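First the structure, in the form of structure tokens, and then the observations on it.
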Amino acid sequence: MKPASMWFMDDRPELAAEIGWITIRWAALDLLLVQILGEVLRNRVAAQQIIFAEQNAGQQRFRAFERVIGTSSLDAATRKAIIDRMKQIGVLYRKRNEIVHEPFSSRLQVIDGKLHGRIIALDREGKSKDINIDDFKRHATQVDEHLTFLEETALAISLLHEDID
């Protein structure tokens, strides 16, 4: 039996699905960080240790990744492009945390004599804001752009190492 505190989601499965897709995208991003570091360090186990074992929060993973990239043997332009992109990703990560961690609730409102339900999120200060699935979809699209960049970067670094070997 579903708890009453979750009933407001019954007629909004697309909202839960979108949150799931966002979560999957961010997990894919973590895997790309491991892939890139594995190539840069030429040691996938060390890369996994840096990203997953030593750093348990997203922003910490990003800073560790940036430190390794910044001191790597990659050319200066590539290092700068990756680090600049990570700063953009860090800003998006705050939105990801809001989407994934802020509690949702429902709010009933009478409009033109009819009862309407809204879903709201409560932030850390206890302020409420309306949830809009279009915002979630926009966030997913932005993450996709960064995933594409990281995928292309991982491939370029891999090909560079093949040429060197």
- Does region 47-63 hold any residues that are surrounded by 15 or more Cβ atoms within 10 Å (Cβ to Cβ) and either touching a residue at least 24 places away in the same chain (Cβ under 8 Å) or among the small types (Gly, Ala, Ser) (or both), and which are they? Ala47, Gly58, Arg61, Phe62
- Do we find that Leu74 is of a type in the set (A, V, I, L, M, F, W, C), in contact (Cβ under 8 Å) with a residue 60 or more places away in the chain and over 22 Å from Ile24 (Cα atoms) in this structure? yes
- Item | Answer residue from region 121-139, given it is in contact with an Asp or Glu (Cβ under 7 Å, 6 or more places away or on another chain) and among the hydrophobic types (A, V, I, L, M, F, W, C) and is modelled with the highest pLDDT among those | Phe136
- Item | region 122-155 - residue that is part of a helix (DSSP H, G or I) and free of Cβ contacts under 8 Å to residues at least 40 places away in the same chain and, of those, farthest from the chain's Cα centre (by Cα) | Leu155
- Message: Out of the residues in region 119-165 meeting the condition of being β-branched (Val, Ile, Thr) and open to solvent by less than 70 Å² (accessible area, probe 1.4 Å), tell me which one is farthest from Leu92 (Cα to Cα).
- Response: Ile157
- Message: Please pick out the residue among Ala46, Ala53 that is under 25 Å from His101 (Cα atoms) and small (Gly, Ala, Ser).
- Response: Ala53
- Note on the structure: Within region 96-118, the count of residues that are among the β-branched types (Val, Ile, Thr) and surrounded by 10 or more Cβ atoms within 10 Å (Cβ to Cβ) comes to 2
- Name the residues in region 53-87 that are out of contact with any helix residue (DSSP H, G or I) (no Cβ under 7 Å at 6 or more places or on another chain) and outside any loop (DSSP other than H, G, I, E, B), would you? Ala53, Gln60, Arg63, Arg67, Ala76, Ala77, Thr78, Lys80, Ala81, Asp84, Lys87
- Message: Residue pairs, Cβ under 8 Å, 6 or more apart or interchain, first in region 1-17 and more than 16 Å from Ile131 (Cβ to Cβ), second of a type outside the set (S, T, N, Q). List them.
- Response: Lys2/Asp10
- Inspect region 78-88 for any residue being of a type outside the set (Ser, Thr, Tyr), in contact with a His (Cβ under 8 Å, 6 or more places away or on another chain) and within 15 Å of Met9 (Cα to Cα) and give the result as yes or no. no
- Query: Yes or no: Gly90 small (Gly, Ala, Ser) and not in a strand (DSSP E or B)?
  - Reply: yes
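The values are calculated or read from the model by the stated rules, or taken from the named source; none is laboratory data. Remember, it's a predicted structure, so these values are computed and weren't measured experimentally. Backbone-built Cβ (ideal geometry, glycine too); neighbour counts: all protein chains shown. Quick note on the areas: whole protein, heavy atoms, side chains included, nothing else; ligands and nucleic acids left out. Shrake-Rupley method; radii C 1.70, N 1.55, O 1.52, S 1.80 Å.
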